[in-house]
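Here's the structure we're looking at; comments come further down.
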Amino acid sequence: YQSLFAPIRHSLHLWGIPLLGYVYLTEMTLERNLLAAVIEQSADGVVVMNPGGRIQYVNPAFTRHSGFASEDVLDQDASLFRSDKNNESLYTEIWTTLKRGEVWKGRLFAKNKEGHLFETERTFFPVRTASDGVVNFVSLWRDVSKETEMERQLAQAQKLQAIGTLAGGIAHDFNNLLSPIIGYTEMALMKIEDQGILSDYLKNVLKAAERGKNLVNQILTISRQSEQGLEPVRIGPIIKETLKLLRASLPATIELRCEILARHDLILGDACKVHQILLNLVTNSAQSIGHNGGWIDVRLDEMEVASVESSPCSELLPGAYLKLTVRDNGCGMTAETEKRIFEPFFTTKTAEQGTGLGLAVVQGIVQSHKGGITIDSAPDSGTTFNIYLPQGKPEPDRLPSRKVENIQGKERILLIDDEEEITRVGELALSKYGYQVITSNCGHQALEMFRKNPCDFDLVVTDQAMPGMTGTSLAREIQGIRQDIPVILCSGFSPTISMEEKQATGIRECLDKPLKIEEFIGTIRRVLNERVLEASS
């Protein structure tokens, strides 16, 4: 519009027409109208105050952020939005800065019309005129609650990543310590013929070592940071392990009950994600119950969806499902709340209790597993969550192994682990059952031994985490030398190996340390028997 009026103004000046002032005023009116439109349509809130701190104007964006309409706040003191969560010295600093004629920028908590807190990024600045000095103060508001929450979530994710890395190292070292303890204790029990007090002592050592193994596995499940991919998983044991961990963190006034009724509890899923589902739902139930006491029921059933019409939720196609139910007698929720509970960042909890992301995460996990979720709740009547996950097909029966005490092998086994105690106890156990064992504590050394005499071995058993060469790298090199040699991979950190990688490296089994002798010997016999069958077919 300036380019439009410039030639007109120039012509009027040449002709000396007194309407020049009128045109100039028209330009000013257009400018003011444009400025007003910009402020009215701004995405940031705008609050204009007089020098005494009383509100003279707020724009629509401010109303959207705070819930206060213009008529609610006009001529009110700006302290209306103050929050006790801000340090009082901040307000002093803001007014001191403004009175100096300077700009203040920073983050402040504010109260909305309902009294709830939200975090804002604010810019305060004075408005001056040439003659009167400072005539107004302006505050620009931007709601940064979601950005702040995302920052907190990122920080939490980074903490979990650090915990996961630490847990992996602890698991590897701790399981390496438990392996010889379990191995030597089991062999000592085999040597003891009577069932006296010494036998009882040794059995208690085994029980304690097994509890240590389970504890490390639980820590790894919680802190695991990588996507594990979908694989056949039995969720009954996961439910029991998760509830065992949660029991210690719940108030003693809450009764936690579990019932696993499903006979076939297999799904194609991610064990860590199933853990997350249960963790979020049980925690929500506990918070809805509070400290007054109550109960939480967790139940696993099998069910069949015969048709789309009979499906409990629209996402489920006909087929077999596992139904995981988490039910409580807590405060329940209204229909309005129920409609919004899966929205990210929507929460009825305080900032200390949660972020509003838990149920959104649960829904995402269920959808990624091609399942569904339903809710049944009412105020003061508790809440029931039903999670439906497609039931996996039972794994084909493995080639049966003979009982360990009946096994008598003769094959030659190459056993590799960087811990000498583990190879020593492994050699003693395998030799007891007739196997010829060659040990190595270095991946490169073991590879050279195999390269020199590749036909002298019937099986390779290797640790995964070794200095210089991992177990999978060693298996791949061995497979390149001789393709029919089976490999068993052992690890103290539960490696996730894809089916493609197993086929490429010749890995037939993955075992978690610490190994029990019965499991170790039984797996070796089964793998060797399967190799014989493959060679004869």
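The values are calculated or read from the model by the stated rules, or taken from the named source; none is laboratory data. This structure is a prediction, so every number in the text was calculated from the model and none was measured. Note that each Cβ is placed from the backbone with ideal geometry, even for glycine, and that neighbours are counted across all protein chains shown. All accessible areas refer to the heavy atoms of the entire protein, side chains included, with ligands and DNA or RNA removed. Shrake-Rupley method; radii C 1.70, N 1.55, O 1.52, S 1.80 Å.
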Notebook entry, point to check: Label 7 Å along Cα→Cβ of Cys442; region 455-469 residues with amide nitrogen under 15 Å?
Noted result: 466-469
Notebook entry, point to check: Per residue, how much accessible area does region 35-119 show when a 1.4 Å probe rolls over the protein heavy atoms, in square angstrom?
Noted result: 57 Å²
Note to self: Going by amide H atoms built from the backbone, whose H comes under 5 Å of the H on Gly269, apart from near neighbours?
What the structure shows: Glu231, Val233
Next item on the list: Count the net charge of all other residues whose Cβ sits under 11 Å from the Cβ of Val274, scoring Lys and Arg as +1 and Asp and Glu as -1.
Entry: -1
Item checked: Stretchable slack from Leu177 to Ser368, in nm (0.36 nm times residue separation minus alpha-carbon distance) -> 65.0 nm
Checklist line | Reach of Lys99 by Cα under 20 Å, taken over aspartates and glutamates that are not fewer than 8 positions away in the same chain | finding: Asp77, Glu88, Asp132
Notebook entry, point to check: When Lys and Arg each count +1 and Asp and Glu each count -1, what net charge do the other residues less than 9 Å away from Arg412, Cβ to Cβ, add up to?
Noted result: -2
Checklist line | Net charge of Cβ neighbours under 10 Å - reference Asp143; Lys, Arg +1; Asp, Glu -1 | finding: -1
Check: Dipole size in debye (nearest 20) for region 407-537 around its Cα centre, Lys and Arg Cβ +1, Asp and Glu Cβ -1?
Finding: 340 debye
